[in-house]
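The values are calculated or read from the model by the stated rules, or taken from the named source; none is laboratory data. Computed from a prediction, not measured in an experiment: that's the story for all the values here. FYI the Cβ positions are ideal-geometry reconstructions off the backbone, even for glycines, and counts take in every protein chain you see.
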Amino acid sequence: MFSVILSTASRYLLPLLLIFSFFLLLRGHNEPGGGFVGGLVAAAAYALYFIANGVDEAEKLLKAEPIRLISVGLFLAVISTIPSILIGKNFMTGVWLDTNFPLIGKIGTPLVFDVGVYLLVLGIALKIIFSLAEEDR
Amino acid sequence: MSFIELATNISVITIGLSILIIFFRLLVGPSIEDRIVALDLLSANAIAFIAVYAIQNKTTTFLDVGVILAILAFLGTVAFAFYLERGTRR
């Protein structure tokens with residue numbers, strides 16, 4: 001199945017949805033949102049692209065194996081626990097830099113953890129979607 | 001009771017009734033296409049309900065839920081159409 005309308009629409013919807021997922025990720029610490037739902041929205045964006053253009057195009061667009069996204073996400077989540085030990089506080093205590101960055105806000109270990117969750121959820125959802133798509137090809 | 005409260009109360013009742021009617025179509029619907037359209041309409045009603053709820057409680061955080069629900073409902077309908085078309089071709 002190939003639809004010109006859906007294919008063109010998905011090409012414009014993909015960056016919009018990715019921006020929205022990134023917005024959810026960055027807002028997540030103090031307001032509703034966070035890594036999990038951001039990852040799900042990003043996975044929905046790629047799933048839309050896959051339905052419109054086929055699984056090969058979507059995998060080419062992603063540029064990385066989903067399993068690699070999963071491992072990088074887990075690694076980031078583990079890395080984010082280390083500064084709390086180095087500083088001498090309890091394990092997994094949030095450590096924040098004092099400076100405020102424009103657009104992002106304060107940077108700290110919870111942000112690193114959230115980015116890890118984002119990549120992990122994106123990788124797992126894409127892995128499931130792509131394996132189901134390749135199953136009946 | 002101000003006008004906006006009256007309007008939101010009436011909207012809640014109307015949307016609830018329409019969800020019931022759509023649910024009837026979802027249960028009865030003779031063909032699978034009827035059910036898919038009913039599901040799509042159900043999520044559209046859910047988005048409307050979220051919008052009314054956000055107006056009633058004077059918060060904006062729930063509107064993001066509506067945006068995500070709209071994305072997922074569209075994706076679900078497209079995916080249903082995708083697999084339906086593949087199924088009939090075989």
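What the table shows:
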item	result
Tabulated pairs, the stretch B:38-63, first at positive phi, second modelled with pLDDT of 95 or more, C-beta under 9 angstrom, 6+ apart or interchain	none
Residue that is farthest from A:G33 (Cα to Cα), among those in the stretch B:9-66 that are within 14 Å of chain A (Cβ to nearest Cβ) and not in a helix (DSSP H, G or I)	B:T59
Of all residues in the stretch A:6-28 being surrounded by fewer than 16 Cβ atoms within 10 Å (Cβ to Cβ) and more than 11 Å from chain B (Cβ to nearest Cβ), the one that is nearest to A:K106 (Cα to Cα)	A:F22
Number of positions in the stretch B:67-80 that are within 10 Å of chain A (Cβ to nearest Cβ) and under 25 Å from A:N30 (Cβ atoms)	4
Among residues of the stretch B:34-75, those that are modelled with pLDDT of 90 or more, acidic (D, E) and closer than 24 Å to A:L13 by Cβ, counted	1
Top-ranked residue of the stretch A:29-58 - restricted to ones that are under 16 Å from the mean Cα position of the chain (by Cα) and at positive phi, ranked as surrounded by the fewest Cβ atoms within 10 Å (Cβ to Cβ)	A:G34
